[in-house]
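Working notes, beginning with the structure itself.
The values are calculated or read from the model by the stated rules, or taken from the named source; none is laboratory data. None of these values were measured; they are calculated from a predicted model. Using ideal geometry, Cβ is built from the backbone for each residue, glycine included, and neighbour counts are taken over all protein chains shown.
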């Protein structure tokens, strides 16, 4: 009786709701200077400051590109992060993934339409039976019918790679620099039966475009149906207002981050105000947040998680 009473009192003192898994995903074609690399540090500051869990990196070059230098770059973003980066000699501006979650498998799928990069992918060990596949892409650039046809060929190839390699039940996010101008581009329609976006990310001024001229929709994050239902607004806490109410800086369908108009830079330290306009910066990053519910998390036991509440010491 005393044990039961103690247990009830203990339960009344703490919240036992099983925790969700928060996953923030961002794109990163954020190289600066004249050599398509992250040496000058502005892009690294943005990646660190936005506190993403999964970063889909383009033009993944840093200093000599040695393993030591790449590890040093990743460590600046977060000492607990791991990464995958394309490593073929021909991949002069490689794609890659930086992840807070352990990388179970990784590799690259051939891109027949770009000589200097392929499609980078990583299978990430997020909590639960379902795993998260992150795919970083940098599609063919430039306008004109021939380049549009190459982007369509890349899109169809990616759909085949996904169908051939990724279990239907797992989560998928694919993002990076699509090099398209409009949000209704043909490749977005082609992707739609496999990957799509639920709503349009915007910056603090309500704009969705991501290139420096603020005219083109270059950068994207698409998701599959399994994780799409778990997308949540991107939120940053702001200062308390005059009524002592803590306000939220919220982007309901995702964030296009521009340091020059972001109203709460103190929440994304060490980002500096002009980082998004640094010399050689050509893109803004897209950020999306997901909350995987506790009901999706399983354990190594045969316990049915839907029939119990998981506390710190077990299932009751």
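Which one is farthest from residue 276 (Cα to Cα) among residues in the range 43-61 that are touching a helix residue (DSSP H, G or I) at 6+ places or on another chain (Cβ under 7 Å) and buried (at least 21 other Cβ atoms within 10 Å of the Cβ)?
For the range 43-61, the residue satisfying everything is 55.
Is it true that residue 209 is touching a helix residue (DSSP H, G or I) at 6+ places or on another chain (Cβ under 6 Å) and either farther than 30 Å from residue 107 by Cβ or part of a loop (DSSP other than H, G, I, E, B) (or both)?
Judged against the criteria, residue 209 is not a match.
For the range 107-137, enumerate the residues that are closer than 27 Å to residue 19 by Cβ and over 15 Å from the mean Cα position of the chain (by Cα).
Across the range 107-137, the qualifying residues are 127, 128, 129, 130.
For the range 272-287, how many residues are in contact with a helix residue (DSSP H, G or I) (Cβ under 8 Å, 6 or more places away or on another chain), in a loop (DSSP other than H, G, I, E, B) and either buried (at least 23 other Cβ atoms within 10 Å of the Cβ) or in contact (Cβ under 8 Å) with a residue 24 or more places away in the chain (or both)?
Number of matching residues: 4.
Report yes if residue 196 is touching a helix residue (DSSP H, G or I) at 6+ places or on another chain (Cβ under 8 Å) and surrounded by fewer than 21 Cβ atoms within 10 Å (Cβ to Cβ), otherwise no.
Here the answer is yes, as residue 196 does meet what is asked.
Scanning for something surrounded by 24 or more Cβ atoms within 10 Å (Cβ to Cβ) and more than 25 Å from residue 260 (Cβ to Cβ), does the range 20-42 turn up at least one residue?
Yes - at least one qualifying residue is present in the range 20-42.
If I filter the range 190-198 for residues that are out of contact with any strand residue (DSSP E or B) (no Cβ under 8 Å at 6 or more places or on another chain) and modelled with pLDDT under 95, do I get at least one hit?
no
Can you pull out the residues in the range 112-126 that are more than 20 Å from residue 26 (Cβ to Cβ) and either buried (at least 17 other Cβ atoms within 10 Å of the Cβ) or touching a helix residue (DSSP H, G or I) at 6+ places or on another chain (Cβ under 8 Å) (or both)?
Correct list: 112, 113, 114, 118.
If you go through the range 127-163 one residue at a time, how many are free of Cβ contacts under 8 Å to residues at least 24 places away in the same chain and crowded, with 16+ Cβ neighbours inside 10 Å?
So the count comes out to 0.
Yes or no: residue 73 surrounded by 21 or more Cβ atoms within 10 Å (Cβ to Cβ) and farther than 17 Å from residue 136 by Cα?
yes
Could you please let me know if residue 187 is touching a helix residue (DSSP H, G or I) at 6+ places or on another chain (Cβ under 7 Å), over 30 Å from residue 267 (Cα atoms) and free of Cβ contacts under 8 Å to residues at least 60 places away in the same chain?
Spelling it out, residue 187 is indeed touching a helix residue (DSSP H, G or I) at 6+ places or on another chain (Cβ under 7 Å), over 30 Å from residue 267 (Cα atoms) and free of Cβ contacts under 8 Å to residues at least 60 places away in the same chain.
Which residue is modelled with the lowest pLDDT, if the candidates are limited to the range 11-29 and must be part of a loop (DSSP other than H, G, I, E, B) and in contact with a strand residue (DSSP E or B) (Cβ under 6 Å, 6 or more places away or on another chain)?
That would be 16.
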